[in-house]
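Asks: Can you keep this structure in mind? I'll have questions shortly.
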Amino acid sequence: MTDVVLPDRQDVEAAASRIGVGVRRTPVLELDGDEIGVAGRVFLKLELTQHAGSFKARGALNNVVSLARGSVGITAASGGNHGAASAWAAQRAGLQADVFVPGTSTPAKLERIEEYGARLHRVDGDVGTALDVCREFGATHGLPVLHPYDTFETVAGAGTLGLELETQLPDLDLIVIACGGGGLYAGVANALAGRVPVQPVEPELCPHLHDAVAAGSPVDRPSSGVAADALGPPRIGSFAFATATALDAAPVLVPEEAIVTARRFLWGRVRILAEPAACVPLAAVMAGLVPVPAGTVAALVVSGGNNSTIP
């Protein structure tokens, strides 16, 4: 168990007050249970319609409002979505953003970063390497670093999605969230602790929370597969690990083919162009790995839509 201090519901409510109407109240859409093979009711939380194309806008804006007062700019490191969200939040606040990304980042995500006026820095290596370089840059230039998933401000901001879902679906029994670094999972799970359970799901080729739970602490491991650009950090975040430990959560691993099938379903049947990482919750349900029995209301977070290709 780590000694990290987790945000509680009051902290997430405070983040919601800070970011206010700066983020969008994203819609929910009910699926036909027969089409996805479930007896319960399944709703998609369409966070891909959020500013900058993903849920990351919530944590990024909370960071900017909390940490960047008096600063001329901010810096961030990301596989793409957090970088775009940080660039958007900085532009909104009239600040310059310097964003560091690994060379393997998806082109659509890089375009988003530059679209919001950020200076883009490509780094050889993975997200962890980009974050190291970003921290050095921030220290040199006296700029706050917006972490993509593992700081109090990021996690509390991400958790506002849970408060929003609670008002949209008052009979909610379950939320399913894809876990990469785990900031969204940690934020929502702590905001709704004791009220609505949150099931973390991961690609089989990016099992960071799964491996940490098995080992008893976060461990470094490589990532690969269709969702690795968004769900492939060097290791699970300390907030996500502490949350899973405190709530005794068992992450579910999802095969690659199920993720691809879910993405094709969303585009072909619903005309939602989600990125692969955002399809992992639906993949888990369609594959029967997360049951949604009759009488159950489940929300699946479609976390982002910064794509370069149509399935």
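Asks: Can you pull out every residue in the range 237-281 that is farther than 25 Å from Arg221 by Cα and aliphatic (A, V, I, L, M)? Steps first, answer last, please.
Replies: Quick first cut of the range 237-281, residues farther than 25 Å from Arg221 by Cα only: 261-274.
Scanning the range 237-281 gives Ala262, Leu266, Val270, Ile272, Leu273, Ala274.
Asks: Taking Gly37 as the residue in question, decide whether it is over 24 Å from His121 (Cβ atoms) and out of contact with any Lys or Arg (no Cβ under 6 Å at 6 or more places or on another chain). Give the derivation first.
Replies: Numbers: over 24 Å from His121 (Cβ atoms): yes; out of contact with any Lys or Arg (no Cβ under 6 Å at 6 or more places or on another chain): yes.
Yes, satisfied.
Asks: Among the residues of the range 240-262, how many are part of a helix (DSSP H, G or I) and more than 30 Å from Asp8 (Cβ to Cβ)?
Replies: Filtering the range 240-262 for residues part of a helix (DSSP H, G or I) gives 240-247, 256-262.
If we keep only those that are more than 30 Å from Asp8 (Cβ to Cβ) too, we end up with 256-262.
Number satisfying all stated conditions: 7.
Asks: Something else: If you take just the helices (runs of 4 or more DSSP H) that sit entirely in the range 1-98, which of them hold at least 2 residues that are polar (S, T, N, Q) and closer than 30 Å to Ala212 by Cα?
Replies: Output list reads 56-67, 81-92.
Asks: Quick test for you: out of Gly138, Gly128, pick the one residue that is surrounded by fewer than 18 Cβ atoms within 10 Å (Cβ to Cβ) and either touching a residue at least 60 places away in the same chain (Cβ under 8 Å) or in a strand (DSSP E or B) (or both).
Replies: Gly128
Asks: I'd like the full set of residues that are charged (D, E, K, R), within 22 Å of Arg24 (Cβ to Cβ) and surrounded by fewer than 24 Cβ atoms within 10 Å (Cβ to Cβ), limited to the range 74-114.
Replies: Scanning the range 74-114 gives Arg92, Glu111, Arg112, Glu114.
Asks: Only one of these is among the hydroxyl-bearing types (Ser, Thr, Tyr), on the phi < 0 side of the Ramachandran plot and free of Cβ contacts under 8 Å to residues at least 40 places away in the same chain: Ser66, Ser54, Ser17. Name it.
Replies: Working: Ser66 fails: free of Cβ contacts under 8 Å to residues at least 40 places away in the same chain; Ser54 fails: free of Cβ contacts under 8 Å to residues at least 40 places away in the same chain.
Only one candidate qualifies: Ser17.
Asks: Here's another thing I want to ask about it. In the range 263-297, which residues are touching a residue at least 60 places away in the same chain (Cβ under 8 Å), of a type in the set (A, V, I, L, M, F, W, C), in a helix (DSSP H, G or I) and surrounded by fewer than 19 Cβ atoms within 10 Å (Cβ to Cβ)?
Replies: Val270 - this is the single residue of the range 263-297 that is touching a residue at least 60 places away in the same chain (Cβ under 8 Å), of a type in the set (A, V, I, L, M, F, W, C), in a helix (DSSP H, G or I) and surrounded by fewer than 19 Cβ atoms within 10 Å (Cβ to Cβ).
Asks: If you scan the range 175-222, which residues turn out to be touching a residue at least 40 places away in the same chain (Cβ under 8 Å), closer than 21 Å to Thr104 by Cβ and in a loop (DSSP other than H, G, I, E, B)?
Replies: The answer is Cys179, Gly180, Gly181, Gly182, Glu204, Leu205, Pro207.
Bear in mind that the values in this text are calculations on the coordinates, not laboratory data. Quantities reported herein were computed from a predicted structural model and do not represent experimental measurements. Because the Cβ atoms are built from the backbone with ideal geometry, glycine has one as well, and the counts that use them run over all protein chains shown.
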